[in-house]
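Enquirer: Have a look at this one before I ask anything.
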Amino acid sequence: MLDMPGHTAAENRAEPSIWLPSHVPVSILPLNGKGRNIDAAQGQEESPYAEPSPGSLLTAYRKMVLGRRFDEQATALARQGRLAVHPSSLGQEACQVAAALALRATDWLFPTYRDCVALVSRGIDPVEALTLLRGDAHCGYDPVRHRTAPQCTPLATHAAHATGLAHGERLKGADTVALALVGDGATSEGDFHEALNLAGVLRAPVVFLVQNNGYAISVPFSEQCAAPGLAYKGVGYGVRSEHVDGNDAAAVLAVLTTAVEDARAGGGPWLVEAHTYRMAPHTSADDPSRYRTAAEADRWRDRDPVARLESALRERGLLTDEDVKAAAAEAEAYAADVRERLSVDPDLDPASLLDHVFGAPPAHLMEQQSSLRAGLEDC
Ligand SMILES: Cc1ncc(C[n+]2csc(CCOP(=O)(O)OP(=O)(O)O)c2C)c(N)n1
Ligand SMILES: [Mg+2]
């Protein structure tokens, strides 16, 4: 555990400053070979977060390259009508890969619709990860096997589920941690605040990672929140809070690993805000030029998280041209496999729509299912 003042809500009140985030976002990697991230470096004291090992940074790099290519392929498949829609992860790979890497296989991830790169980084089959967007009503992967909840579309409802699961696992004597991925817009939802409050009171082993990508569809962050930053919202609930440069894979991994292990050790919940940028439209059905400037997007392109990790690894002599080519080739083969498998029409049973909704389905739904089946036989 880090230097925590206590594990009960009353003890938390003794020294509120311990819950405050660092003065500036935690940052480790230089900005694309252009020197240290100046915004973040100013005033930064010695970091309490251990820098990830070269091995874990190389793993993160390969997963980010793979995740980016997969995401790009999913966008193309949406344009071709193979997926109903695709909310791209472009620009958020550092956050999503670090979230997957910070967890043990026995921990639980609670993702949103935005987080397909986190899903594949956790080892979920890419076609199963895209099932929901393909139009099937059900989660394509087995949430229990992968310890990964279905992707949540209603904003922030899964934050409460993560808190409940984390608390329940601890009551069972397990050392499981739950990590919920949340958007900046979702932090305005009541569920987010209820989840944080409950997590603080229960001292539940849960980590909330807010990917502040600057927008909730077309609503900019400046119109979403008047607080100095989203990480400050944890303090009011007795939740340890931190913020990090979300395009710096090393920093996100360092902070999340600390948060997850601290929560596991009994340190209570964490709220981590990652400052990042949604480089793509909200979904494949959005036109961001209607609400943000090209100059803004260009500025963030200079902070591209994949290019940034690549140049840092090259600078340290950890990555060669051959390694870069091999990672790209692996990603290309992965995308080709996704393309091929998604070009086959799925064999869906429309009557299965009501399966897995209730443990004991009510009579009127069973009737509807029977009449649907009868109707399908007549077709
Ligand atoms: C409870 C609820 N209200 C509204 C919506 C519609 N909606 C879908 S995405 C979105 C924006 C969410 O923004 P943010 O939380 O920042 O996540 P991002 O899409 O940027 O990853 C909204 C309002 C929803 N899905 N759920
Ligand atoms: Mg957002």
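The values are calculated or read from the model by the stated rules, or taken from the named source; none is laboratory data. Not measured: the values here are computed from a predicted model. Here Cβ is always computed from backbone atoms with ideal geometry, including for glycine, and neighbour counts include all displayed protein chains. Only protein heavy atoms, including side chains, enter the accessible area calculation; ligands, DNA and RNA are left aside. Shrake-Rupley method; radii C 1.70, N 1.55, O 1.52, S 1.80 Å.
Enquirer: Before anything else, pin down the relative contact order of the chain: Cα pairs under 8 Å, at least 6 apart, normalised by residue count, whole percent.
Expert: Normalised by residue count, the contact order of the chain is 24 percent.
Enquirer: What accessible area, in Å² to the nearest ten, does a 1.4 Å probe give for Ser88?
Expert: Result for Ser88: roughly 10 Å² accessible.
Enquirer: With each pseudo-label sitting 7 Å past Cα toward Cβ, what's the Ala307-Asp136 distance in nm, one decimal?
Expert: The two pseudo-label positions are separated by 3.7 nm.
Enquirer: If you take every DSSP beta bridge whose two residues both sit in the chain, what share of them, in percent to the nearest 5, is antiparallel?
Expert: Working: 2 of 26 bridges.
Restricted to the chain, the bridges split so that about 10 percent are antiparallel.
Enquirer: Go ahead and run the numbers for FRET between Arg145 and Ala50, Cβ-Cβ distance against an R0 of 30 Å, rounding to 0.05.
Expert: The value I calculate is 0.45.
Enquirer: Evaluate the relative contact order of segment 156-199 (contact order divided by residue number), counting alpha-carbon pairs under 8 angstrom at least 6 apart; express in whole percent.
Expert: Once divided by the residue count of segment 156-199, the mean separation gives 55 percent.
Enquirer: What is the magnitude of the charge dipole of the chain about its Cα centre, with +1 placed on the Cβ of each Lys and Arg, -1 on the Cβ of each Asp and Glu, and no other charges, expressed in debye to the nearest 20?
Expert: 360 debye
Enquirer: Determine the gain in length on full extension of the stretch Ala333-Glu15; use 0.36 nm per residue of separation and subtract their C-alpha separation, reporting nm with one decimal.
Expert: 109.2 nm
Enquirer: Relative contact order for segment 184-243: what is it in percent, counting Cα pairs under 8 Å that are at least 6 residues apart?
Expert: About 42 percent, as a whole number.
Enquirer: Can you work out the base-10 log of I(q)/I(0) for segment 257-345 at q = 0.11, 0.12, 0.15, 0.18 1/Å, using the Debye formula on its C-alpha atoms alone?
Expert: -0.65, -0.76, -1.04, -1.08
Enquirer: Given the -39500 (n - 2.57) contribution per DSSP H run of 4+ residues, what per-residue ellipticity at 222 nm results for the chain, rounded to the nearest 500 deg cm²/dmol?
Expert: On the way: 15 runs with 163 residues, N = 379.
Result for the chain, helices only: -13000 deg cm²/dmol.
Enquirer: First check a/c for the chain, with a ≥ b ≥ c the square roots of the eigenvalues of its C-alpha gyration tensor; if it is under 1.5, answer rounded, and if not, answer prolate when a/b is larger than b/c or oblate otherwise.
Expert: Note, shape of the chain comes out oblate.
Enquirer: Let me ask another. Under the Karplus relation 6.51 cos²θ - 1.76 cosθ + 1.60, θ = phi - 60°, what is the ordered set of whole-Hz ³J(HN,Hα) values for segment 126-143, x standing for Gly and Pro?
Expert: Once θ is set to phi - 60°, the couplings for segment 126-143 become x, 6, 5, 5, 9, 4, 4, 6, 7, x, 6, 6, 9, 5, x, 10, 8, x Hz.
Enquirer: Modelled label-to-label distance, Asp298 and His356, 7 Å Cα→beta-carbon offset: nm?
Expert: 4.6 nm
Enquirer: Compute, for segment 250-379, the length of the dipole vector about the Cα centre, with Cβ point charges of +1 (Lys, Arg) and -1 (Asp, Glu) only. Units Debye, rounded to 20.
Expert: 640 debye
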